[in-house]
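Some notes on the structure that comes next.
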Amino acid sequence: MPVHAPLPGLGLRSLKTALSTLFTALLYAFLPGRNPTFACIGAIFGLGYDMENSRLNGGNRFFGTIIGGFIGLGMYWLEHQLFPEGCYWLRLPLIFIGVVLLVTLCVCFHWPGGVQPGGVVLCIILFNTPAHHIDYAIDRMIDTGVGVVISLLINYLFPRRRLERWLHLKPVAKN
């Protein structure tokens, strides 16, 4: 339910998402050579309407990134063992196998929401990875975790009930 604000649809969750993203980017300002992009994406995905939803959304993003990252690393390694300069045509069956593995692992771990973010990381590693692929993949996993943790912290410190009390808003009735 939106806060009565000049911008339509702007609610407490929107404000907490913006705050989480701000704090994530601020943290990265003090980490030389680090880019906050994936951490900020983790923060945006990790902020739910309450703590339980944040754990689910953030968990989907983090778990999927970890699984997709490791599968992507394995596929990238396999490709470069067979073709040291890389081979686009080998990536086609590898992406198919990688997505099947990703879906299977996410289902086995009871985390099907990890398929989409894991697939994104898998595709980035296979089709758009810099020369230092291991560092790149590990950095994406860490960055996503940082953003998710900051969102969980924001939602923990600023639950809806507390913000409604501070802002003198009427509590929203749950359907």
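Overview of results
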item	result
Any hit, region 39-54, residues being in contact (Cβ under 8 Å) with a residue 60 or more places away in the chain and either acidic (D, E) or under 27 Å from P93 (Cβ atoms) (or both)	yes
Residue selected from region 91-112 under the condition touching a helix residue (DSSP H, G or I) at 6+ places or on another chain (Cβ under 9 Å) and surrounded by fewer than 17 Cβ atoms within 10 Å (Cβ to Cβ), by the criterion nearest to G68 (Cα to Cα)	V103
Whichever residue in region 18-27 is in contact (Cβ under 8 Å) with a residue 12 or more places away in the chain and surrounded by fewer than 22 Cβ atoms within 10 Å (Cβ to Cβ) and, among such residues, is nearest to L157 (Cα to Cα)	L19
Filter result (surrounded by fewer than 16 Cβ atoms within 10 Å (Cβ to Cβ), of a type outside the set (S, T, N, Q) and part of a helix (DSSP H, G or I)) within region 28-38	A29
Residue in region 58-70 that is surrounded by 12 or more Cβ atoms within 10 Å (Cβ to Cβ), among the hydrophobic types (A, V, I, L, M, F, W, C) and assigned to a loop (DSSP other than H, G, I, E, B) present	no
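The numbers here are math on the coordinates, done by the rules we state, and not lab data. Values in this document were obtained by computation on a predicted structure and should not be read as measured data. Reconstructed Cβ throughout: ideal geometry from the backbone, glycine too, with neighbour counts over all protein chains shown.
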